[in-house]
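The block underneath contains the structure these notes are about, expressed in structure tokens.
The values are calculated or read from the model by the stated rules, or taken from the named source; none is laboratory data. Every value quoted in this text rests on a predicted model; they were computed, and no experiment measured them. In this analysis, Cβ positions are derived from the backbone assuming ideal geometry, glycine residues included, and neighbour counts consider all displayed protein chains.
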Amino acid sequence: MILQSVKMAWEAITSNKMRSFLTMLGIIIGVVALVVLVSLVNGATGAVTSEITALGNDMVTVNVRDDKGSPIRLEDMDEIASLEAVGEAAPSGSLNATAKFGYSDVAVSLYGTTPAYYNIQGLNLKYGRFLKTADIENASYVAVLAYNTAEELFGKADVVGEQLTIAGRSFLVVGVLEEDTSLFASMIGGYSAYAPFTVESRMADEPYVTTLSVSPNGNTDETENQVESYMLTRFHQDEDAFRLMNMSSISDAMSTVTGTLSLLLGGIAAISLLVGGIGIMNIMLVSVTERTKEIGIRKAIGAGKKSIMMQFLIEALMVSLMGCLLGLALSWLILEIVTVIAKTIAFSMSIGVVLLAVGFASAIGLIFGLYPANKAANKHPIEALRYEG
Amino acid sequence: MASGNPIISMTDITKVYTVGGEEVRALDGANLTIREGEFVSIIGPSGSGKSTLMNIIGCLDVADSGEYILDGQSIEQYSEEELARIRNKKIGFIFQNFNLLSRMSALANVELPLIYQRMHLNERKEKAKQALDRVGLTDRSNHKPAELSGGQQQRVAIARALATNPAILLADEPTGNLDSKTGEDIIALFHELHRAGDTIVLITHNEQIASKAQRRIRILDGKVSEVGV
Ligand SMILES: Nc1ncnc2c1ncn2[C@@H]1O[C@H](COP(=O)(O)OP(=O)(O)OP(=O)(O)O)[C@@H](O)[C@H]1O
Ligand SMILES: [Mg+2]
């Protein structure tokens, strides 16, 4: 019987293609809105979160705002590193300056740090070496360049052994990092270089450590706790004297934002689906009236209430599901195009959102088909037969 | 011939319509018995209650009072769903204006009552073809109603009524929309079906057609009376 109802519904839908399509349009638009918006948010979130994890792994960063008379010195880094849950610790002072080589110059962020920084940040070398302990102790004017910095300044990447000036001082290039192709790097942009902390702090006229990062030894939460209590002890229990940050707190905050965002956008899309459902109900009601005679004939030759009900309900369901399928196809197309345009992010429909769309569309087809179908099923056979449309 | 089992047995059937506060007694204590294999014609002036009677016989409507037994079953406390099943299995309707579904082919129209019996495809097609064959329309089975003449459309409707092998065929002025020649052909078809054993109730205005039936019943103001037994 269901098969027959499907067949009948199909005949009814195809016998008035334009109208059926227009009825579906509401659902199509709703589904496209739902799927595309949710997929875009998910795609962007996924890309950014994986960047964050890849980039900052699980380091904890501390920013000192007020040293309360007991500033952190370079020597204190060992003490911090010796905390049980801390792996390594490195300062990262920074200053903005102009780097020059020959006639070319570029604005760089110069980070003053120690060898531990390499592992904490998860950096990778392409050429040469990173900073050494001896460089720090001797306050040598040596620098490690980011790949893009080297390319921009020298027009090539393999520049180990070359001399350049940063903020007017001459530096020897000892290493070049691997190219950072991540989305994050392309979003933040900029050029960076790394020098010994002792050199950078002298140039910036900031002898103390104001920013430092540590890598965890085991559990990141534990690391955070220990670093926090260390800082609290140091800064007279003043929580506002410093700020603690880790990547997971950033990505948590981010996923809260994107979660809210996709809920909001999904909600808007759901409303447009609802409007599509009302469109279906509207047309179904017209269709039931138009087909009063047909209903009368079917009843006269033995169709029961249930069969008529089923026929119209399935018709509504099919219109809505066909709209849903078309909407999914269109969404897929749109996402492919966006992926091509966005280049770095691959947007795709998750099974979850597809199921959500199908579920929502069927629910809407059923709910908004119920009233017209019921109206059809309850027509009195004789009156229906008499109807002249 | 009139000695078969009663298929229809009505006692004191009344149907009253109230329009604008005024009562119209469409059927007023009608009594009627129709036996298996009979060919009964019902005549009466317009508004006398013929269609009302037929709708009640065909279970499209229920009487306000009285007893109606169809094929041994008392039709009183049935639900709509059950009445639909009875119409499907026991009744074959033929209407003045054919009442075919215009979107479907002749064959599909004939199949329709069988679909509601949940009959399987092959058997259904077979039965529908047989029915079309009986009314002589095998070669038109794929035509849509609009592609058929009035007489042919009425034949399709008759085939549809025959397809389920009903206990009784009910025809309400089946020739009303046809020219007299075509009408005669249709009446001839009914006589042929009657000879083959079908039970037929035929409503008509036409005295001449009525007179050819084996038995004649007259309705006047909702009251039924036998003519010239
Ligand atoms: N749904 C209805 N509401 C009110 N009155 C009705 C209804 N159906 C029939 N009637 C009345 O019942 C009476 C019998 O009607 P019916 O249709 O049975 O007549 P008929 O004999 O078939 O007439 P005709 O030969 O014109 O078809 C008429 O007076 C009609 O007005
Ligand atoms: Mg009538």
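Would you confirm whether any residue within the stretch A:22-31 is in a strand (DSSP E or B) and β-branched (Val, Ile, Thr)? No, because not a single residue in the stretch A:22-31 is in a strand (DSSP E or B) and β-branched (Val, Ile, Thr).
Filtering the stretch B:142-183 down to residues that are of a type in the set (S, T, N, Q) and crowded, with 21+ Cβ neighbours inside 10 Å, which residue is farthest from B:Gly44 (Cα to Cα)? Break it down stepwise before answering.
Here is the first cut: in the stretch B:142-183, the residues of a type in the set (S, T, N, Q) are B:142, B:149, B:152-154, B:164-165, B:175, B:177, B:180, B:182.
Next cut, crowded, with 21+ Cβ neighbours inside 10 Å only: B:153-154, B:164, B:175.
Working: B:Gln153: 26, B:Gln154: 23, B:Thr164: 29, B:Thr175: 16 Å.
Ranking the qualifying residues of the stretch B:142-183, first place goes to B:Thr164.
Taking the condition of being away from ligand 1 (no atom under 12 Å from the Cβ) and within 13 Å of another protein chain (Cβ to nearest Cβ), how many residues in the stretch B:58-78 meet it? Of the residues in the stretch B:58-78, 4 are away from ligand 1 (no atom under 12 Å from the Cβ) and within 13 Å of another protein chain (Cβ to nearest Cβ). Answer with yes or no whether B:Ala167 is more than 16 Å from ligand 1 (Cβ to nearest atom) and at pLDDT 95 or above. Against the criterion (more than 16 Å from ligand 1 (Cβ to nearest atom) and at pLDDT 95 or above), B:Ala167 does not qualify. Within the set B:Leu169, B:Leu202, the sole residue that is touching a strand residue (DSSP E or B) at 6+ places or on another chain (Cβ under 6 Å), within 16 Å of ligand 2 (Cβ to nearest atom) and among the hydrophobic types (A, V, I, L, M, F, W, C) turns out to be B:Leu202. B:Ile42 satisfies every condition listed in (1) surrounded by fewer than 21 Cβ atoms within 10 Å (Cβ to Cβ); (2) more than 9 Å from every other protein chain (Cβ to nearest Cβ) except (1).
May I ask you to list the residues in the stretch A:119-156 that are among the aliphatic types (A, V, I, L, M) and surrounded by fewer than 19 Cβ atoms within 10 Å (Cβ to Cβ)? Walk me through it before giving the result.
Filtering the stretch A:119-156 down to residues among the aliphatic types (A, V, I, L, M) leaves A:120, A:123, A:125, A:131, A:134, A:136, A:139, A:142-146, A:150, A:153.
Within the stretch A:119-156, A:Leu123, A:Leu125, A:Ala134, A:Ala139 qualify.
To keep it simple, each residue is scored yes or no on (1) of a type in the set (Gly, Ala, Ser); (2) within 12 Å of chain A (Cβ to nearest Cβ).
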{"residue": "B:Met104", "(1), (2)": "no, yes"}
{"residue": "B:Ile115", "(1), (2)": "no, yes"}
{"residue": "B:Ala128", "(1), (2)": "yes, no"}
{"residue": "B:Asp139", "(1), (2)": "no, no"}
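Residue check: is A:Asn219 modelled with pLDDT under 85 and surrounded by fewer than 19 Cβ atoms within 10 Å (Cβ to Cβ)? Walk me through how you get there before you give the answer.
On the way: modelled with pLDDT under 85: yes; surrounded by fewer than 19 Cβ atoms within 10 Å (Cβ to Cβ): yes.
Yes, satisfied.
Residues of the stretch B:185-199 include at least one that is away from ligand 1 (no atom under 16 Å from the Cβ), loosely packed, with under 14 Cβ neighbours inside 10 Å and of a type in the set (Asp, Glu). Restricted to the stretch A:363-381, and to residues there that are within 10 Å of chain B (Cβ to nearest Cβ) and surrounded by fewer than 17 Cβ atoms within 10 Å (Cβ to Cβ), the residue that is nearest to B:Asn99 (Cα to Cα) is A:His380.
Residue count for the stretch A:235-255 satisfying the condition of being of a type in the set (A, V, I, L, M), assigned to a helix (DSSP H, G or I), surrounded by 13 or more Cβ atoms within 10 Å (Cβ to Cβ) and at pLDDT below 85: 3. Look at the stretch B:44-55: where a residue is under 18 Å from B:Ile69 (Cα atoms) and a partner is within 6 Å of ligand 1 (Cβ to nearest atom), sitting 6+ places away or on another chain with Cβ atoms under 8 Å, you get B:Thr52/B:Ala26. Note on the stretch B:13-52: residues that are touching a Ser or Thr at 6+ places or on another chain (Cβ under 7 Å), among the acidic types (Asp, Glu) and either within 13 Å of ligand 1 (Cβ to nearest atom) or not in a loop (DSSP other than H, G, I, E, B) (or both) total 1. Take A:Met318 and tell me if it is surrounded by 15 or more Cβ atoms within 10 Å (Cβ to Cβ), under 30 Å from B:Ile56 (Cα atoms) and out of contact with any His (no Cβ under 6 Å at 6 or more places or on another chain). Spelling it out, it is not the case that A:Met318 is surrounded by 15 or more Cβ atoms within 10 Å (Cβ to Cβ), under 30 Å from B:Ile56 (Cα atoms) and out of contact with any His (no Cβ under 6 Å at 6 or more places or on another chain). Every listed requirement among (1) among the charged types (D, E, K, R); (2) within 14 Å of another protein chain (Cβ to nearest Cβ); (3) surrounded by fewer than 21 Cβ atoms within 10 Å (Cβ to Cβ) is met by B:Arg134 save one, (2).
Has the stretch A:371-385 got any residue that is away from ligand 1 (no atom under 16 Å from the Cβ), assigned to a helix (DSSP H, G or I), more than 15 Å from A:Gly296 (Cα to Cα) and hydrophobic (A, V, I, L, M, F, W, C)? No, that holds for no residue.
The sole residue among A:Gly279, A:Gly266, A:Gly259, A:Gly359 that is over 24 Å from B:Leu100 (Cα atoms), touching a Gly at 6+ places or on another chain (Cβ under 9 Å) and of a type outside the set (A, V, I, L, M) is A:Gly279. With respect to the conditions (1) at pLDDT below 95; (2) more than 14 Å from every other protein chain (Cβ to nearest Cβ), B:His120 lacks only one, and its number is (2).
Could you check how many residues of the stretch B:22-51 are near ligand 2 (Cβ under 9 Å from one of its atoms) and under 12 Å from B:Leu170 (Cα atoms)? Summing the residues that are near ligand 2 (Cβ under 9 Å from one of its atoms) and under 12 Å from B:Leu170 (Cα atoms) in the stretch B:22-51 gives 2.
Can you tell which of B:Arg195, B:Arg160 is at negative phi, away from ligand 2 (no atom under 16 Å from the Cβ) and within 14 Å of chain A (Cβ to nearest Cβ)?
Values: B:Arg195 fails: within 14 Å of chain A (Cβ to nearest Cβ).
Exactly one of B:Arg195, B:Arg160 is at negative phi, away from ligand 2 (no atom under 16 Å from the Cβ) and within 14 Å of chain A (Cβ to nearest Cβ), namely B:Arg160.
Checked against (1) within 14 Å of chain A (Cβ to nearest Cβ); (2) crowded, with 16+ Cβ neighbours inside 10 Å; (3) out of contact with any strand residue (DSSP E or B) (no Cβ under 6 Å at 6 or more places or on another chain); (4) at pLDDT below 95, B:Glu81 meets all criteria but (2).
Here is a list: A:Asp78, A:Asp105, A:Asp66, A:Asp58. Which entry is part of a helix (DSSP H, G or I) and either in contact (Cβ under 8 Å) with a residue 40 or more places away in the chain or at negative phi (or both)?
Within the list A:Asp78, A:Asp105, A:Asp66, A:Asp58, the selection yields A:Asp78.
Considering the conditions (1) away from chain B (no Cβ under 14 Å); (2) touching a Leu at 6+ places or on another chain (Cβ under 6 Å); (3) not aliphatic (A, V, I, L, M), A:Gly296 is excluded by exactly one of them, (1). Test of understanding: among A:Ile283, A:Ile334, which residue is more than 30 Å from A:Asp66 (Cβ to Cβ), surrounded by 15 or more Cβ atoms within 10 Å (Cβ to Cβ), touching a Ser or Thr at 6+ places or on another chain (Cβ under 6 Å) and away from every other protein chain (no Cβ under 14 Å)? From the options A:Ile283, A:Ile334, the qualifying one is A:Ile283.
The set of residues in the stretch B:200-226 that are surrounded by fewer than 15 Cβ atoms within 10 Å (Cβ to Cβ), within 16 Å of ligand 1 (Cβ to nearest atom) and of a type outside the set (S, T, N, Q) comprises B:His205, B:Glu207, B:Leu220, B:Asp221. Cβ-Cβ contacts under 6 Å between residues 6 or more apart (or on different chains), taken from a first residue in the stretch A:5-16 that is at the interface with another protein chain (Cβ under 10 Å from one of its Cβ atoms) to a second residue that is hydrophobic (A, V, I, L, M, F, W, C), are listed as A:Ser5/A:Met310; A:Ser5/A:Ile314.
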